[in-house]
1. Helix-only estimate, please: 222 nm mean residue ellipticity of the chain, summing -39500 (n - 2.57) across DSSP H runs of length 4 or more and dividing by its residues, to the nearest 500.
2. Which trypsin sites (Lys or Arg not before Pro) from region 9-117 combine a DSSP loop assignment with at most 15 other Cβ atoms within 10 Å?
3. What residue among Asp21, Asp46, Asp83 has the largest mean-square fluctuation in a Gaussian network model of the chain, using Cα springs under 10 Å?
4. Taking H placed 1.01 Å from N in the peptide plane, check which residues at least 5 places from Tyr71 or on another chain put their amide H under 5 Å from its amide H.
5. Ordered by residue, what ³J(HN,Hα) values in Hz, to whole numbers, does region 64-69 give under the Karplus form 6.51 cos²θ - 1.76 cosθ + 1.60, where θ = phi - 60° and Gly and Pro are x?
6. Out of Leu38, Asn27, Ala90, whose Cα points farthest toward the positive end of the dipole of the chain (charges: +1 Lys, Arg; -1 Asp, Glu; placed on Cβ)?
7. Just for region 5-108, what percent of DSSP beta bridges are antiparallel, to the closest 5?
8. Placing unit charges on C-beta atoms (Lys and Arg positive, Asp and Glu negative, everything else neutral), compute the dipole magnitude of the chain about its Cα centre in debye, rounded to 20.
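Just so it is clear, none of the values below were taken in a lab; they were calculated from the coordinates. Note that the structure is a prediction, hence the values are computed from the model and not measured. Every residue, glycine among them, receives a Cβ derived from its backbone with ideal geometry; neighbour counts consider all protein chains shown.
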Amino acid sequence: MDDDPYIQRSLSFVLRKERFDVEVASNGEEALNKVRELKPKIIMLDLMMPKLNGFATCRAIKSDSGAKGSYIIILTAKGQEVDKETGMRAGANEFMTKPFSPREIVAKVRSILDTFA
């Protein structure tokens, strides 16, 4: 879930091409509503989203009893150590900085889904 339409489209395209189900949201509130409704196994969050930033969205997901088992990857341009620490304290499982390789994302998703199997 990223507010940048280019990143949304490119990530969605790559993941759908690999036959993963993908939902997108353009802001934190929309993301949180979709997570509550769909209960995805993996959630990718940007930190800088409108309405509800990635840290707050992550905390809300992890406190929601129906969604707290989701694996959260923060994908962000904010690569400062303090951002990573804050993201991990908010409940993220991983922190990846932009730019990232689509191949790396696909491999990461496969690896995570293998742990759910």
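1. -15500 deg cm²/dmol
2. Sparse-neighbourhood loop trypsin sites (Lys or Arg not before Pro): Arg19, Lys41, Lys51, Lys68.
3. Most flexible of the set in this elastic network: Asp21.
4. The list, which skips near neighbours in sequence, is Ile42, Ile43.
5. Result, rounded to whole Hz: 7, 4, x, 10, 5, x.
6. Ranked along the dipole, the leading option is Leu38.
7. For region 5-108, the DSSP antiparallel bridge percentage is about 0.
8. 260
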